[in-house]
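Input: a single structure, listed below in structure tokens.
The values are calculated or read from the model by the stated rules, or taken from the named source; none is laboratory data. Being a predicted model, the structure only gives us computed values, none of them experimental. Glycine gets a Cβ as well: all are built from the backbone with ideal geometry, and neighbour counts include every protein chain shown.
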Amino acid sequence: MSTAVLEPHTILDEPDDMFPLDLDVRIPKIRELFHLATQKQWDPRIDIDWEAFDPAPYTEEQRYAARQYWSRRAWSEYGAISESPALQIRFCHDKCEPDLRLFFTIRSQEESRHAEACFRMAEILGGYIEQPVQNAYQGSVATHGVRKMALDPEISVEAILAALVCGAEEIAFDVFRHLVDITRDPVARQVCASIMRDEVRHCAFGWRYLNHRIPHMNAEQIRVVENAVITMIEKVELNGYHSAWLAPDNPASEAEMAVDRLTWEAGLGSTVEELEKPIFVKTVQRVREQMRDWGVNLPTFSHPKIGEF
Amino acid sequence: MALAHSTRIPVEHRFPLHLQRSITSIRDLYEAGKQQRWNPDTDIAWSRFDPAAYDAAALQAARLTWSRRAWVEYAGLAETPAILIRFCLEAGRESDPKYFLTVRNTEEAWQIESCHRYAGVLGGYVDQPSSAREKALFNQYRHRHALDAEESADAFFVVHSAVEDGLELELCRAHLDNARDPVARQILEKSTRAKERHAAFGWLYATERAARWSAPERAQVSAQVLAYLRDIELAGYHCAWLGDPASAEARAAQATSEAGLGAASQERERDLLCDYVAAVRARLGELGVDLPELSHPALGRL
């Protein structure tokens with residue numbers, strides 16, 4: 001059991017009262033997502049044709065690389081199990097619209113399914129790996145900081161969701177769509193496609209919520225949203241949370257990039273810098289455009305491997 | 001305004017990250033949960049409800065009973081993510097309970113939506129209790145306890161996921177046995193199936209953990225179960241009549257029971273509670289945990 005503890009002031013230290021308990025539909029478009037997600041549930045154990053996987057076409061080196069890649073995906077999906085449920089606690093504490101509270105339960109379950117599917121993919125490739133080969137990479141993949149943000153009363157729900165969902169998840173979604181297009185292995189492609197279908201709803205959730213909230217927010221509150229999105233892109237995404245090639249140059253990130261390349265060459269599910277870079281840039285540009293309608297102005301970003309964009 | 005007590009949250013050490021199946025029985029429950037999914041919108045025949053079959057007093061009572069049930073179910077909406085996070089924060093916890101909790105939370109959401117919707121068709125959902133006493137009973141701040149490093153996650157888990165979920169299952173079965181309305185029956189059937197898994201999960205994981213408890217940890221579990229039963233359950237959390245037989249909620253539950261709209265009589269609940277506390281005592285005894293005697297004016301010594 002962990003013994004170290006964190007003692008920042010959190011929403012847990014604030015009084016709250018669950019009554020009056022509103023459960024009515026307040027944001028129909030989000031309640032609709034909850035119902036849609038209920039209808040569209042899938043089961044990684046049954047709905048992926050694991051028997052169709054044929055290891056024969058792949059070299060040992062490719063399979064080992066893909067094991068590492070899918071293990072890393074599992075760690076990333078697990079982050080949403082370990083961290084994002086804090087948002088649900090926040091929604092309850094802040095008495096956010098009931099639609100958010102209900103939708104987020106199924107979102108967390110979907111993250112479980114994703115972690116399970118990635119784990120199974122790593123297993124059929126030779127075995128799931130429990131931690132990064134190089135410790136230095138842990139800093140990039142361990143956390144996007146959402147748990148801390150969710151429990152921090154100083155950061156608004158709107159800022160968190162704009163940063164996490166409309167920023168980070170939007171980027172992840174576009175890359176996933178690209179993976180579905182380029183992954184040749186039928187099982188790996190099925191996993192990517194299944195996850196992507198859930199991610200469509202995850203992203204829609206964020207945009208629908210912010211579209212609902214922005215008209216009720218003042219300029220200062222919108223500025224907080226803007227800062228949160230900028231921080232998420234600069235400190236998390238451009239630090240390699242989703243993509244190893246964006247992580248700071250060091251032996252650990254170079255090793256991860258080599259893993260990505262081998263996995264991509266084999267068609268087993270990854271992508272590489274030269275293919276992902278234009279997608280990443282385009283997504284950030286689109287997000288910038290869409291957020292402009294809210295009065296959120298994202299600056300020009302800069303990264304050594306991309307330049308200014 | 002901040003509370004006097006500051007909740008200290010454990011720090012996560014994520015790696016090595018175990019995602020393997022390690023508690024087969026719980027992984028099987030997770031798999032069953034995924035397969036036995038249902039949809040409150042389409043799997044309940046809402047159109048079969050006929051308000052003309054009931055008098056106004058019965059409908060009024062049932063809307064309060066089902067609203068109150070939504071409040072009870074709502075506790076899971078913050079409690080389940082909190083205990084899930086706590087398990088993720090504690091190094092070495094297995095993946096199976098974490099996965100299961102994500103499914104459980106979805107099922108809690110479906111139950112909340114079903115109870116709320118049924119209260120709506122009965123005449124309208126009621127969004128708060130009738131008295132300050134009832135309100136206080138519901139405001140338990142469970143998520144704080146679950147995340148507080150100074151509190152035992154295992155004791156919290158035994159209280160709410162084994163003892164409480166087991167009681168909810170028994171009550172749900174009793175409500176179903178006594179329900180004649182087809183919509184109430186459908187909701188209770190779906191809830192019973194989910195609660196069977198929830199209670200099984202609670203006791204399975206409690207048993208798994210008990211093997212490593214020290215004597216002080218067993219004493220902590222005992223103290224927390226005792227406090228929960230004495231201060232929450234016997235104060236009327238699930239069965240309002242235990243707290244105040246004259247309260248609007250208690251009278252509503254009795255009238256709902258008589259109308260066949262999805263509740264059980266006080267007599268039935270009294271027998272059920274006595275049997276259940278005895279069963280819990282025996283079960284905890286198998287885990288090396290002694291549950292002291294309880295008493296209640298309406299139940300006698302338990």
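Checking the conditions here, which among A:Q190, A:Q109 is part of a helix (DSSP H, G or I), in contact with a helix residue (DSSP H, G or I) (Cβ under 9 Å, 6 or more places away or on another chain), more than 20 Å from A:T283 (Cβ to Cβ) and more than 14 Å from chain B (Cβ to nearest Cβ)? Full working, then the answer.
Details: A:Q109 fails: more than 14 Å from chain B (Cβ to nearest Cβ).
Testing whether each residue is part of a helix (DSSP H, G or I), in contact with a helix residue (DSSP H, G or I) (Cβ under 9 Å, 6 or more places away or on another chain), more than 20 Å from A:T283 (Cβ to Cβ) and more than 14 Å from chain B (Cβ to nearest Cβ) leaves just A:Q190.
Looking at B:R268, B:R283, B:R301, B:R251, which is the one that is at pLDDT 95 or above, in contact with a strand residue (DSSP E or B) (Cβ under 6 Å, 6 or more places away or on another chain) and surrounded by fewer than 19 Cβ atoms within 10 Å (Cβ to Cβ)?
Values: B:R268 fails: in contact with a strand residue (DSSP E or B) (Cβ under 6 Å, 6 or more places away or on another chain); B:R283 fails: in contact with a strand residue (DSSP E or B) (Cβ under 6 Å, 6 or more places away or on another chain); B:R251 fails: in contact with a strand residue (DSSP E or B) (Cβ under 6 Å, 6 or more places away or on another chain).
None of the others qualify; the one that does is B:R301.
Let me spell it out: the conditions are (1) of a type in the set (S, T, Y); (2) more than 20 Å from the chain's Cα centre (by Cα); (3) part of a loop (DSSP other than H, G, I, E, B); (4) surrounded by 17 or more Cβ atoms within 10 Å (Cβ to Cβ), and A:T263 meets all of them except one. Which number is the exception?
Exception for A:T263: condition (3).
Quick one: in region B:22-41, of everything that is in a loop (DSSP other than H, G, I, E, B) and buried (at least 17 other Cβ atoms within 10 Å of the Cβ), which residue is farthest from the other protein chains (Cβ to nearest Cβ)?
It comes out as B:I23.
Hey, A:L12 hits all of (1) under 23 Å from the mean Cα position of the chain (by Cα); (2) assigned to a helix (DSSP H, G or I); (3) within 10 Å of chain B (Cβ to nearest Cβ); (4) not β-branched (V, I, T) but one; which does it fall short on?
Here A:L12 clears every test but (1).
Determine whether A:P299 is loosely packed, with under 13 Cβ neighbours inside 10 Å and not hydrophobic (A, V, I, L, M, F, W, C). Talk me through it step by step, then tell me what you get.
Working: loosely packed, with under 13 Cβ neighbours inside 10 Å: yes; not hydrophobic (A, V, I, L, M, F, W, C): yes.
Criteria met by A:P299.
Identify all residues within region A:15-55 that are more than 22 Å from the chain's Cα centre (by Cα), more than 9 Å from chain B (Cβ to nearest Cβ), of a type outside the set (V, I, T) and outside any helix (DSSP H, G or I); write none if there are none.
Passing the criteria: A:R26, A:D49, A:F53, A:D54, A:P55.
From A:A74, A:A52, grab the single residue that is at pLDDT 95 or above and within 21 Å of B:N105 (Cβ to Cβ).
Details: A:A52 fails: within 21 Å of B:N105 (Cβ to Cβ).
None of the other options fit; the residue is A:A74.
Please determine whether any residue of region B:151-161 is within 12 Å of chain A (Cβ to nearest Cβ) and not in a loop (DSSP other than H, G, I, E, B).
Yes.
Could you list all residues from region A:215-247 that are without any contact (Cβ under 8 Å) to a residue 40 or more places away in the chain and in a loop (DSSP other than H, G, I, E, B)?
Residue satisfying the conditions is A:N218 alone.
Would you check if there is a residue in region A:290-302 being more than 20 Å from A:F173 (Cβ to Cβ), modelled with pLDDT under 95 and of a type in the set (S, T, Y)?
no
Checking the conditions here, which among B:S114, B:S67, B:S130 is in contact with a helix residue (DSSP H, G or I) (Cβ under 8 Å, 6 or more places away or on another chain) and in a loop (DSSP other than H, G, I, E, B)? Lay out the reasoning, then the answer.
Details: B:S114 fails: in a loop (DSSP other than H, G, I, E, B); B:S67 fails: in a loop (DSSP other than H, G, I, E, B).
Unique residue meeting the criteria: B:S130.
Could you look through region B:94-143, keep only residues that are touching a residue at least 12 places away in the same chain (Cβ under 8 Å) and aromatic (F, W, Y), and pick out the one that is surrounded by the fewest Cβ atoms within 10 Å (Cβ to Cβ)?
B:F138
Go through (1) at pLDDT 95 or above; (2) surrounded by fewer than 16 Cβ atoms within 10 Å (Cβ to Cβ); (3) assigned to a loop (DSSP other than H, G, I, E, B); (4) not small (G, A, S) for A:Y58 and report which single condition fails.
Of the numbered conditions (1) at pLDDT 95 or above; (2) surrounded by fewer than 16 Cβ atoms within 10 Å (Cβ to Cβ); (3) assigned to a loop (DSSP other than H, G, I, E, B); (4) not small (G, A, S), the odd one out for A:Y58 is (2).
Out of everything in region A:61-89 that is surrounded by 20 or more Cβ atoms within 10 Å (Cβ to Cβ) and hydroxyl-bearing (S, T, Y), what residue ends up being nearest to B:L101 (Cα to Cα)?
The extreme case among them is A:S82.
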